[in-house]
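The values are calculated or read from the model by the stated rules, or taken from the named source; none is laboratory data. Being a predicted model, the structure only gives us computed values, none of them experimental. Because the Cβ atoms are built from the backbone with ideal geometry, glycine has one as well, and the counts that use them run over all protein chains shown.
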Amino acid sequence: MGRPDKIGRALLDASALIGVIKGEPDFECLRTLLAAVDRGEITLVESTAILAEVQPGHTADDPKHTRAREAVRALLESSTTELVDVNTLVAREAGRLRVKHGMTTWDAVHLATAILAKVDVLIVRDGKFPTGDYEGVHVTVPFDIDDDKLPVL
């Protein structure tokens, strides 16, 4: 099936958000998605666990990273983000995914949240997740949501 033609709901794994905070080149492409979230065109869906994973501060942050971290944290707690509680349903689904794929607890929680919240795309950093279309969610590495659009002349 491939990437969805239209993305209405997206979930970013903590590693992707941390890549944005650190300004890593592989995550620059996510700026278009985050801008669309900021404009209310895409709903960012995250597990409440993301608030523990994307810490409010880090001793290695320089001023640039501190500003980026504050912006990401503000987005996570804004009205444009749908925070999904890690409840019994999410925990059971995460447990199933851990057994099936050998995932870490947090990765399984994020995938379970994506599946249960019916997101269109889950953006991840690493190969610990199943990739492609998985139980209604397109799991992928970071990409620019505008990369297939024609330039405006």
Of 13, 38, 5, 26, which residue is touching a strand residue (DSSP E or B) at 6+ places or on another chain (Cβ under 7 Å) and among the acidic types (Asp, Glu)?
13
How many of the residues making up the range 62-76 are acidic (Asp, Glu) and surrounded by fewer than 12 Cβ atoms within 10 Å (Cβ to Cβ)?
1
Within the range 51-60, is even one residue modelled with pLDDT under 95 and surrounded by 19 or more Cβ atoms within 10 Å (Cβ to Cβ)?
yes
Go through the range 1-42 residue by residue and tally those that are in a loop (DSSP other than H, G, I, E, B), more than 11 Å from the chain's Cα centre (by Cα) and at pLDDT 90 or above.
8
Residue 72 fails exactly one of the following numbered conditions: (1) closer than 14 Å to residue 15 by Cα; (2) among the aliphatic types (A, V, I, L, M); (3) part of a loop (DSSP other than H, G, I, E, B). What is the number of that condition?
(3)
Name the residue that is nearest to the chain's Cα centre (by Cα), counting only residues in the range 86-123 that are in contact (Cβ under 8 Å) with a residue 40 or more places away in the chain, assigned to a loop (DSSP other than H, G, I, E, B) and surrounded by fewer than 24 Cβ atoms within 10 Å (Cβ to Cβ).
120
